[in-house]
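The structure appears below as structure tokens.
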Amino acid sequence: MSNLTYGQVTKDIIRPLFKPSLLHGLALVTAIACLSVGAYCWKLQLEQGLGVAGYEPPVMWGVYITTFVFWVGIGHAGTLISAILFLFRARWRTGVYRASEAMTIFAVLTAGLFPILHAGRCWYAYWLFPYPNQRQLWPNFKSPLVWDVFAISTYLTISAIFFYIGLIPDMAATRDKVKGFGKRVYGALCLGWRGTDNQWRHYMAAYGFFAALCTPLVISVHSVVSWDFAMSSTPGWHSTIFPPYFVAGAIFSGCAMVLTLLIPMRSLFKWEDYLTIWHFERLAQLCLLTGAILTYAYATEYFIAWYSDNPYEWGTFIYRPTGDYAWAFWLMVSCNCIFPLALWFKKVRTSLKWLFIISLIINVGMWFERFNIIATSLAHMFDPGAWVYYLPNRIEMGILVGSFGWFFMWFLLFVKVMPSVAIAEIKEGVRPPLKADEVTT
Amino acid sequence: MSANVKGVFAHLDCLLTGIDRLEKAGFKDMIVAAPLPRHEIEEAIYKGEPSPVRWWTLCGGILGGSLGFILSSLTALDWPMAIPGGKPLVAIPPYIVIVFECTVLFGGIATLLGMLYYCRIPTKSMELEVCDPRFSDDHFGLVLKDVDESRREEAATILSGAGAIEVTPQPEGDAADEPTEDKEVADVE
């Protein structure tokens, strides 16, 4: 990055905007097709009721809640990279943070759909929020489900603001590079930003505070999501290790998704100077670290279950690797604990092809982790007479596919209309133009 | 009659020299535009004085946290259910989650409002004197506002002497000297 100039940075990052490309177009069409499948399945569910969703009592949380937790988790890496690594002054975040943050917003937006889908009568979703009403009822603030509503809404709002203020100077740079209608649109979106000393001063202060607010927020959000499970007395869920275990898993899956998104984007937009192997290696190391924490958490869960001497708890933990869902359990263990071990080798960490493959494996593994937690515990609770074997049906799978379509559609649209690498921050990493340098050379 | 004097800089060290010399010459009302935040510029102009946005964040956070606690407790008291086992209606541990989330939400929104207020955005007409597409790309701008006619020539000469590649209005006789020969050129890391 040292050979770049400010002008080159602006030009390179704005260049791919609006330029149609075949590969991007195909990806977008595929995403919209997947979304249509999901939309059709939802239409059927709205017409016929939640019964079509394949729930089988007592498994009343299935693919929808699995996918909800999966997408919330994906979002976490974006905030980790944009906020936590900002506070730690990690230089490598600069190249990757904008795309990761966009991933966060779209992942949380996707996650937010699932409680609504899961609630069945989605037109009553607003009942979740506290407001004075003629029924004189308020939500129960002691319930983790209400905490979750607060946590997810706050997370989406604050991440969206943080993301938008990060974009303001870059939208101003885009405004100054494009012509016609685009100039007016970016001019309005950047709110009239001019990059004056006064503006930068307050902007940087606010940015720092947002990073400081987002840091505990991101940890709290997945902790609250984990309490949706851990606050109940269901065997396999009722454990104090859940919050740190969920947070580590969230960052693990999110980093994998960042790799999945950035590796194709790098070659599509020819951003080899901005997204270097060095960036990808750092992400791979983060995957390795969080994957190790996750493996340790899996082991600790077993220790706690055994040490608790609770037959129901231990029964669930024996059921997971040996019962009906053994395939899901071993898929989870191999995808999350075994395959990522390849990242210990520098050759793998610096090979984009291998990183991409491992990132896909981790994505699959992390979805199955949540499925494994939810389905096995509910299908095998206290009463053996009520044990069932739940598997998702076509409607649920259609909506799962639709959620990927929804997420990728927004992401693909975003990368074509907004600078996906932070222009101003990349410039901060470039040596400033100095007269003294010119004289020396 | 007073008017603006504008200098365009291609180099950061020249800009810092310009700010320094203008301040020493007694020019106060200046706007510097840059494509990126540079601590040297902030330090040269504000001398380390922190932005007041922090007070907005603090007040927003305190307000949000208080509202979160008031909302959860008053609604619990509004419909007092008899809970067996002596559990309190207003329970602190579960409400901490609501208090925390509201603290962050209100703190964040207040920070945004504070930033918008002090940056004076959104606007259509603000600081038109620094409207120059180069300032979001690879140049720095320095505008002295409302300079008296008698001092305009002096300001333009200082800017030009510091190494500005373009000065409006142009100084008479083009008094630009090589800034690097001057020992005052600012050090930039």
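The values are calculated or read from the model by the stated rules, or taken from the named source; none is laboratory data. Everything numeric in this text was worked out from a predicted model, so none of it was measured. Positions of Cβ are backbone-derived with ideal geometry, glycine not excepted, and every protein chain shown enters the neighbour counts.
Checking A:Trp61 against (1) part of a helix (DSSP H, G or I); (2) touching a residue at least 12 places away in the same chain (Cβ under 8 Å); (3) of a type outside the set (D, E, K, R): exactly one of these is not met. Which one?
The number of the failed condition is (1).
Scan region A:20-53 for residues that are in contact (Cβ under 8 Å) with a residue 60 or more places away in the chain and under 14 Å from A:Val417 (Cα atoms) and jot them down.
A:Ser21, A:His24, A:Leu28, listed by residue number.
Take region B:64-85 and flag every residue that is surrounded by fewer than 16 Cβ atoms within 10 Å (Cβ to Cβ) and not in a loop (DSSP other than H, G, I, E, B).
B:Ser66, B:Ile70, B:Leu74, B:Leu77, B:Asp78
Hey, among the residues in region A:255-291 that are polar (S, T, N, Q) and over 15 Å from the mean Cα position of the chain (by Cα), which one's nearest to A:Cys337 (Cα to Cα)?
A:Gln285
Within region A:208-222, can you find the residues that are crowded, with 21+ Cβ neighbours inside 10 Å and either more than 7 Å from chain B (Cβ to nearest Cβ) or closer than 16 Å to A:Gly73 by Cβ (or both)?
Residues satisfying the conditions are A:Cys214, A:Leu217, A:Val218, A:Ser220, A:Val221, A:His222.
Let me spell it out: the conditions are (1) closer than 30 Å to A:Gly73 by Cα; (2) of a type outside the set (Asp, Glu); (3) in contact (Cβ under 8 Å) with a residue 40 or more places away in the chain; (4) within 7 Å of chain B (Cβ to nearest Cβ), and A:Cys122 meets all of them except one. Which number is the exception?
(4) is the only condition that A:Cys122 fails.
In this structure, does A:Val439 turn out to be free of Cβ contacts under 8 Å to residues at least 40 places away in the same chain and within 14 Å of chain B (Cβ to nearest Cβ)?
Yes, satisfied.
Test A:Arg201 against the criterion of being surrounded by 16 or more Cβ atoms within 10 Å (Cβ to Cβ), at negative phi and more than 29 Å from the chain's Cα centre (by Cα), and give yes or no.
Yes, satisfied.
Between a first residue in region A:209-220 that is more than 18 Å from A:Ile251 (Cβ to Cβ) and a second residue that is of a type in the set (D, E, K, R) and not in a helix (DSSP H, G or I), which pairs have beta carbons less than 8 Å apart while being 6 or more apart in sequence or on different chains?
Going by the 8 Å Cβ cut-off, there are no qualifying pairs.
Any residue at all in region B:175-185 that's modelled with pLDDT of 50 or more, within 13 Å of B:Arg21 (Cβ to Cβ), surrounded by 12 or more Cβ atoms within 10 Å (Cβ to Cβ) and within 14 Å of chain A (Cβ to nearest Cβ)?
The answer is no; no qualifying residue exists.
Please enumerate the residues belonging to region A:140-160 that are surrounded by 20 or more Cβ atoms within 10 Å (Cβ to Cβ) and either facing another protein chain (nearest Cβ under 7 Å) or assigned to a loop (DSSP other than H, G, I, E, B) (or both).
A:Phe141, A:Trp147, A:Phe150, A:Ala151, A:Thr154, A:Ile158
Take the conditions at pLDDT below 95 and part of a strand (DSSP E or B) and apply them to B:Gly161. Does it pass?
Taking the combined requirement at face value, the residue does not satisfy it.
Could you count how many residues in region B:1-25 are under 17 Å from A:Tyr6 (Cα atoms), surrounded by fewer than 23 Cβ atoms within 10 Å (Cβ to Cβ) and not small (Gly, Ala, Ser)?
1
Is it true that B:Thr111 is under 28 Å from the mean Cα position of the chain (by Cα), facing chain A (nearest Cβ under 8 Å) and surrounded by fewer than 18 Cβ atoms within 10 Å (Cβ to Cβ)?
Judged against the criteria, B:Thr111 is not a match.
For region B:26-51, how many residues are assigned to a helix (DSSP H, G or I) and either more than 7 Å from chain A (Cβ to nearest Cβ) or surrounded by fewer than 16 Cβ atoms within 10 Å (Cβ to Cβ) (or both)?
So the answer is 5.
Being under 25 Å from A:Val417 (Cα atoms) and in contact (Cβ under 8 Å) with a residue 12 or more places away in the chain is the filter here; which residues of region A:271-296 pass it?
Selection gives A:Trp271, A:Asp273, A:Tyr274, A:Leu275, A:Thr276, A:His279, A:Phe280.
Limited to region A:1-42, what total is found for residues that are of a type in the set (Val, Ile, Thr) and within 19 Å of A:Arg98 (Cβ to Cβ)?
4
Looking only at residues in region A:328-356 that are of a type in the set (Val, Ile, Thr) and buried (at least 17 other Cβ atoms within 10 Å of the Cβ), which one is farthest from A:Met397 (Cα to Cα)?
Looking at the filtered set, the residue picked out is A:Val348.
Looking at region B:95-108, which of its residues are crowded, with 18+ Cβ neighbours inside 10 Å and more than 30 Å from the chain's Cα centre (by Cα)?
Scanning region B:95-108 gives B:Tyr95, B:Val97, B:Ile98, B:Val99.
Restricting to region A:128-138, count the residues that are free of Cβ contacts under 8 Å to residues at least 12 places away in the same chain, surrounded by 11 or more Cβ atoms within 10 Å (Cβ to Cβ) and either out of contact with any helix residue (DSSP H, G or I) (no Cβ under 7 Å at 6 or more places or on another chain) or more than 8 Å from chain B (Cβ to nearest Cβ) (or both).
1
So A:Tyr389 clears everything in (1) surrounded by 16 or more Cβ atoms within 10 Å (Cβ to Cβ); (2) more than 14 Å from chain B (Cβ to nearest Cβ) except one condition, right? Which one?
(1)
Out of B:Val130, B:Val53, which single residue is under 27 Å from A:Phe210 (Cβ atoms) and touching a Lys or Arg at 6+ places or on another chain (Cβ under 6 Å)?
Sole residue among the options that is under 27 Å from A:Phe210 (Cβ atoms) and touching a Lys or Arg at 6+ places or on another chain (Cβ under 6 Å): B:Val130.
Search region A:161-189 for residues being of a type in the set (D, E, K, R) and touching a residue at least 24 places away in the same chain (Cβ under 8 Å), and hand back the single one that is farthest from the other protein chains (Cβ to nearest Cβ).
Looking at the filtered set, the residue picked out is A:Asp170.
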